[in-house]
Amino acid sequence: MRRLPVARHVGYGRVVSHAGAESPRKRQARELFAGLPAAYDRAGAALSFGQDPRWRRAMVTALDPVPGARVLDVAAGTGLVTAALRSAYDCEVVALDQSPQMLARATARFAGDPRVTTVVGEAERLPFPDATFDALTFTYLLRYVDDVPATLRELFRVVRPGGRVASLEFGVPTNPVWRAGWWTVTRTALPGAGRAISRDWGEVGTFLGPNIEEFARTWPPEHLGRAWIDAGMSRTVVRPMSFGAGVVMSGTRSTVR
Ligand SMILES: C[S@@+](CC[C@H](N)C(=O)[O-])C[C@H]1O[C@@H](n2cnc3c(N)ncnc32)[C@H](O)[C@@H]1O
């Protein structure tokens, strides 16, 4: 199998400095995740009431890469998706994230695994040539980027034609009854549960509900599916999870560009 041309340590993929030019959305994402890695794995599962690990497993199953695949895991954070990929498949994974703090956890987690590489970098400017990877995942990323269609084009650019892509995002249930329940949980239980963990997690718990709602209004799953196709994907599948509170998408990189 061809080895990936990347270093096995945090810091290879240069994060471009946006001092003065960074958008409020980008700045918020950087600041938010800098304070979260310590409790991230447990808190993420608790704040989604145990659903999040199940959604992540569904996304990994939907990826279905070829044996021996080179996979890029974008917005890898502390490496939960990377770990699931390594357990599920014979694959080599590059875990990329713009937060050095989050990625430091992933680097420690995979210190003994020669088939995992961690790279600090941005989804909007991936430090790889076209068609480098057989498969790609991205998780809870799109709410933090300024230009969703441009980011999708950049993500799909590094996947070879015929390669596989899968993603996971939060969503909002469409059924009015579940939607009302979702609203109550995200506006009351979630901020309270976050505050019980730490001040930083309290901020996450308060920010998540309105942020997910705004994203789902702008990019409902059917629009996102269309955007995937416009950005170069085919055979896209959208799978709502937990009545739409999670959305798993998957597809195949088009052979015609
Ligand atoms: C909610 S975490 C998800 C982490 C992991 N994928 C998981 O499932 O637990 C979102 C991650 O996206 C990263 N992120 C946000 N915007 C990014 C961008 N533009 N490029 C790369 N990573 C980004 C954050 O630093 C954070 O680690």
* Asked: When Val145, Val237 are ordered from fewest to most other Cβ atoms inside 10 Å of their Cβ, what list results?
  -> Val237, Val145
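Divide by every residue of the chain the summed helix terms, -39500 (n - 2.57) for each DSSP H run of at least 4, and state the resulting mean residue ellipticity at 222 nm, rounded to the nearest 500 deg cm²/dmol.
Working: 10 runs with 108 residues, N = 257.
Estimated from H runs of four or more residues: -12500 deg cm²/dmol.
Classify segment 139-219 as rounded, prolate or oblate, taking a ≥ b ≥ c as the square roots of the eigenvalues of its Cα gyration tensor: rounded when a/c is under 1.5, otherwise prolate if a/b is larger than b/c and oblate if not. Numbers along the way, then the final one.
Values: a/c = 2.68, a/b = 1.82, b/c = 1.48.
Because a/c hits 1.5 or more and a/b exceeds b/c, segment 139-219 counts as prolate.
From the Cα gyration tensor of segment 74-227, with a ≥ b ≥ c the square roots of its eigenvalues, which class applies: rounded if a/c is under 1.5, or else prolate if a/b is larger than b/c, or else oblate?
Details: a/c = 2.11, a/b = 1.39, b/c = 1.52.
Oblate.
Roughly speaking, what % of Cα-Cα pairs in the chain are separated by over 29 Å, rounded to a whole number?
So the portion of pairs separated by more than 29 Å is 26 percent.
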* Among Ala135, Ala21, Ala75, pick out the residue whose Cα is farthest towards the positive end of the charge dipole of the chain, where Lys and Arg carry +1 and Asp and Glu carry -1 on C-beta, about the Cα centre. => Ala135
* Please get the size of the charge dipole for the chain, origin at its Cα centre, with Cβ charges of +1 on Lys and Arg and -1 on Asp and Glu, quoted in debye to the nearest 20. => 340
* Asked: Say the dipole of the chain comes from +1 at the beta carbon of Lys and Arg and -1 at that of Asp and Glu; which of Leu155, Ile197, Gly209 then lies farthest toward its positive end?
  -> Leu155
* **Distance between segment 188-211 and segment 118-177 - C-alpha centres, whole angstrom** => 26
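Bear in mind these aren't lab numbers, they're just calculated from the coordinates by the rules spelled out. Being a predicted model, the structure only gives us computed values, none of them experimental. Note that each Cβ is placed from the backbone with ideal geometry, even for glycine, and that neighbours are counted across all protein chains shown.
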